[in-house]
Amino acid sequence: MKQSKKLLVIGREGLIERYTPDSSVYAGYEVTCVPVGTPEADILAVGKDAEYMICDAIAKVSGSLIRQLPNLKIIHSNGVAFNQIDVEAAKEQKIYVCNCKGMNAVAVAEQAVLLMTGLLRGVVTGDQALRNGRQIQVKEGYMAAGSLRELGECTVGLVGFGDIARATARLLGAYGATVYYYDMFRGTAGVEREYGVEYRELDQLLALSDIVSLHVPVTKDTQNMADAAFLAKMKKGAFLINTARGELVDEAALLEGIRSGHIAGAGLDTITAEPVAADHPVLMAEPEVEEKILFSCHIGGITGASFCRGYEMIWADFAKVAAGEKPGHVVNAWE
């Protein structure tokens, strides 16, 4: 009888079954699941013999834990983020660390475009106006001012040009928007043609863009990158979009930029200190500032289709490791 492979899951129970329609894919695994935040001693008590690991993208997987799992071959984030995994410790132990790169690119791109169009069409004030019986006044005000804009009229600047930004560029091309991008590593002429984008240095991009959308990871260099100086370089009346991480934005500076009128508004799928408390400073802004911010609940990347794509990647990588091969989504390769 073939022995089951030992799989340790640090995360929400039931995701494997929910996002892997074909149960035969994981039938050969003996699964042990513990919630995010479980103490290491408790994890080891039930999962010390694990050969494979799936962890929630926010689950901490320390070097201490990794070194106490002698049979472990691979640690796989069930998302794109892997910053909570001690990748160097895993590398020392010859354990692959993998992520689901690209799984949510289309989903987050759609969310970014939703926030852009929502701001351009004033959905926050429009929703409230209709609920308060002021539909006609608002409609006639827009008609008189001619202030509603189409996305195709806009220049959109993408800060960062990874999978999500590229998917966003494809969508923006369908609207007819002009798309600039900035990245530490400029793409080839072929890539720029493929995605219909033009490269600009960051300061130039900020000065020219009607909408600036952030698509970079949080690092020591990018934390609070959208600070007062960054916002001051943006075109007057531009919008800021953040579907990446709340830590990229100096939120006090953003509120002041909106308050002054230099920034027209912001579309935020994420802000700092999640889960967000009701008294978060951004939520406590005065009404004339608050109405210029469109929030969503950090849902850009969590569509069902995204997770199905992610688990396809996970099982494919596990199969390669089981066959003695290098998996396909490695972030800490030593060979």
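Being open to solvent by 30 Å² or more (accessible area, probe 1.4 Å), closer than 30 Å to A264 by Cα and modelled with pLDDT of 95 or more: is that true of Q68 here? Answer is no for this residue. Scanning region 92-105 for residues that are open to solvent by 70 Å² or more (accessible area, probe 1.4 Å) and in contact (Cβ under 8 Å) with a residue 60 or more places away in the chain yields K94, K101.
Per-residue answers, yes or no, for (1) in contact with a strand residue (DSSP E or B) (Cβ under 8 Å, 6 or more places away or on another chain); (2) part of a loop (DSSP other than H, G, I, E, B); (3) of a type in the set (K, R):
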residue: K220; (1), (2), (3): no, yes, yes
residue: K235; (1), (2), (3): no, yes, yes
residue: E247; (1), (2), (3): no, no, no
residue: I258; (1), (2), (3): yes, no, no
residue: A266; (1), (2), (3): yes, no, no
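Could you pull out the residue among G190, G146, G157, G133 that is surrounded by 12 or more Cβ atoms within 10 Å (Cβ to Cβ) and either of a type outside the set (A, V, I, L, M, F, W, C) or more than 22 Å from the chain's Cα centre (by Cα) (or both)? Before the answer, list the steps.
Working: G190 fails: surrounded by 12 or more Cβ atoms within 10 Å (Cβ to Cβ); G146 fails: surrounded by 12 or more Cβ atoms within 10 Å (Cβ to Cβ); G133 fails: surrounded by 12 or more Cβ atoms within 10 Å (Cβ to Cβ).
After ruling out the rest, the residue left standing is G157.
Of the numbered criteria (1) under 22 Å from the mean Cα position of the chain (by Cα); (2) touching a residue at least 24 places away in the same chain (Cβ under 8 Å); (3) closer than 19 Å to V216 by Cβ, the one L114 fails is (3). Selection over region 45-56 of residues that are closer than 12 Å to I10 by Cβ, hydrophobic (A, V, I, L, M, F, W, C) and open to solvent by 10 Å² or more (accessible area, probe 1.4 Å) gives a count of 1. Would you check if S62 is without any contact (Cβ under 8 Å) to a residue 12 or more places away in the chain and within 30 Å of the chain's Cα centre (by Cα)? The answer is no for S62.
Considering only region 175-187, state which residues are part of a loop (DSSP other than H, G, I, E, B) and of a type outside the set (D, E). Lay out the reasoning, then the answer.
Filtering region 175-187 for residues part of a loop (DSSP other than H, G, I, E, B) gives 176-177, 183-187.
Correct list: G176, A177, M184, F185, R186, G187.
Scanning region 200-251 for residues that are under 21 Å from the mean Cα position of the chain (by Cα), open to solvent by 70 Å² or more (accessible area, probe 1.4 Å) and free of Cβ contacts under 8 Å to residues at least 24 places away in the same chain returns K220, D221.
One residue stands out among those in region 1-43 that are under 25 Å from S306 (Cβ atoms) and among the acidic types (D, E): the one that is least open to solvent (accessible area, probe 1.4 Å), which is D22.
Of the residues making up region 113-130, those that are open to solvent by less than 80 Å² (accessible area, probe 1.4 Å) and closer than 16 Å to I241 by Cα number 10.
Condition first: touching a residue at least 40 places away in the same chain (Cβ under 8 Å) and either part of a strand (DSSP E or B) or of a type in the set (S, T, Y) (or both). Can you find one or more residues in region 271-281 that meet it? Before the answer, list the steps.
Applying the first criterion (touching a residue at least 40 places away in the same chain (Cβ under 8 Å)) to region 271-281 yields none.
No, because not a single residue in region 271-281 is touching a residue at least 40 places away in the same chain (Cβ under 8 Å) and either part of a strand (DSSP E or B) or of a type in the set (S, T, Y) (or both).
The values are calculated or read from the model by the stated rules, or taken from the named source; none is laboratory data. Quantities reported herein were computed from a predicted structural model and do not represent experimental measurements. We place every Cβ from the backbone using ideal geometry, glycine too, and count neighbours over all the protein chains shown. Note: accessible area is taken over every heavy atom of the protein model, side chains too, but ligands, DNA and RNA are not part of it. Shrake-Rupley method; radii C 1.70, N 1.55, O 1.52, S 1.80 Å.
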